[in-house]
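See structure below.
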Amino acid sequence: MSVYWGLRAGIALSRLIPLSVSYRLGMMGGEAVYWCWPSKRRNTRLNMAVIASDPGGGPRAAALARASLRNYGRYVIDFLNLPNVPAEEIVRRIRVQGWEHLDRAMEFGRGAIFVTGHFGLWDYAPVVVASRYPGKVHVVAEPFSSDRLDRLIQGQRAAKGATVIPMTNVRQMIRTLRSNNILALLVDRPVQNDGVPVTFFGRQTLVPAGAATLAALTGATILPGYMMHREGGGYEGIIMPPVEVSATGDREHDVRRTTQAVFSSLEQFIARHPHYWYMFRDMWGLATTSPVEVKV
């Protein structure tokens, strides 16, 4: 079965199966991925070994890796169920801290760049922001290789009030910010080339410079934040204080310094809730550069 038809089937089944049962199935699926997909297990354990300061990739890193994949299984269920949940219901169930940071950025008039990682409920967060700023929320997304899969996934996101911008369309991103809109970006993607070095959890890695570059070009405010399930039910949303955007006149220096500030902010909430960070790529290149042995 193709990914497209698998998603279509999952969306259809999500209307029939109680959410509590779907969550259990999703978490079981995440557990199965941990045990049956060696490369994902290895990458996730390597990443968690850095976060947990567990250089041997021991029990703590293994437990966090399993928890991350199980929670990602629950995230998949949330994504499949997104069409079935009214936006008003999501807004009713969330408690948001930090609206004042976004409100101040919008009053400034140069747009806001909302940065987060593959963390928590990143597909639900734009729904909440769009309820406060209707028609102003734009989400940058990586296009899928299949056109119909891309239409299905991006259409599901757009149906909840966000405009989807392809990752390759930088001009549209700039126009969006210059019109005082909100642009949401996932920034925690390791790259091998064409990135900027940052120190993240004490180790250096290369990451895209998109958010910092857009801020330098438009004067937009960068706001880190996240959304996740709240213990006991409902959701929790955090909008952190704005990142200080470096403006020395040296573009390369400013982009590097601002990108580092972005990742220092992300590090704060990932450190608090590492089991909600869904990074299954080798974030630091440890599989090829580190002497750490991780049993798989």
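So here's what we get for this one:
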read-out: Residue pairs meeting the criteria (Cβ under 8 Å; at least 6 apart or on separate chains; first surrounded by fewer than 21 Cβ atoms within 10 Å (Cβ to Cβ), in region 102-116; second at pLDDT 95 or above and assigned to a helix (DSSP H, G or I)); value: ARG110/LEU177; ARG110/ARG178; ARG110/THR218
read-out: Tabulated pairs, region 236-249, first part of a loop (DSSP other than H, G, I, E, B), second of a type in the set (Lys, Arg), C-beta under 6 angstrom, 6+ apart or interchain; value: SER246/ARG257
read-out: Subset of region 99-123 [modelled with pLDDT of 95 or more, under 18 Å from the mean Cα position of the chain (by Cα) and in a loop (DSSP other than H, G, I, E, B)]; value: GLY117, HIS118, GLY120, LEU121
read-out: Residues of region 157-178 that turn out to be among the hydrophobic types (A, V, I, L, M, F, W, C) and in a loop (DSSP other than H, G, I, E, B), as a count; value: 3
read-out: Subset of region 256-296 (residues that are modelled with pLDDT under 95, over 17 Å from ILE51 (Cβ atoms) and in a helix (DSSP H, G or I)); value: THR288, THR289
read-out: Every residue from region 192-217 that is out of contact with any Asp or Glu (no Cβ under 8 Å at 6 or more places or on another chain), part of a loop (DSSP other than H, G, I, E, B) and within 24 Å of PRO55 (Cβ to Cβ); value: GLN192, GLY202
read-out: Residue count for region 128-184, restricted to those that are of a type in the set (Asp, Glu) and in contact with a Phe, Trp or Tyr (Cβ under 8 Å, 6 or more places away or on another chain); value: 1
read-out: Lone qualifier among PRO224, PRO197, PRO208 - being surrounded by fewer than 21 Cβ atoms within 10 Å (Cβ to Cβ), in contact (Cβ under 8 Å) with a residue 40 or more places away in the chain and under 26 Å from TRP284 (Cβ atoms); value: PRO197
read-out: The lone exception for ARG175 - which of (1) in contact (Cβ under 8 Å) with a residue 12 or more places away in the chain; (2) surrounded by 14 or more Cβ atoms within 10 Å (Cβ to Cβ); (3) not small (Gly, Ala, Ser) it fails; value: (1)
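The values are calculated or read from the model by the stated rules, or taken from the named source; none is laboratory data. No experiment lies behind these values; they were computed from the predicted model shown. Virtual Cβ from ideal backbone geometry, glycine too; neighbours counted across all protein chains shown.
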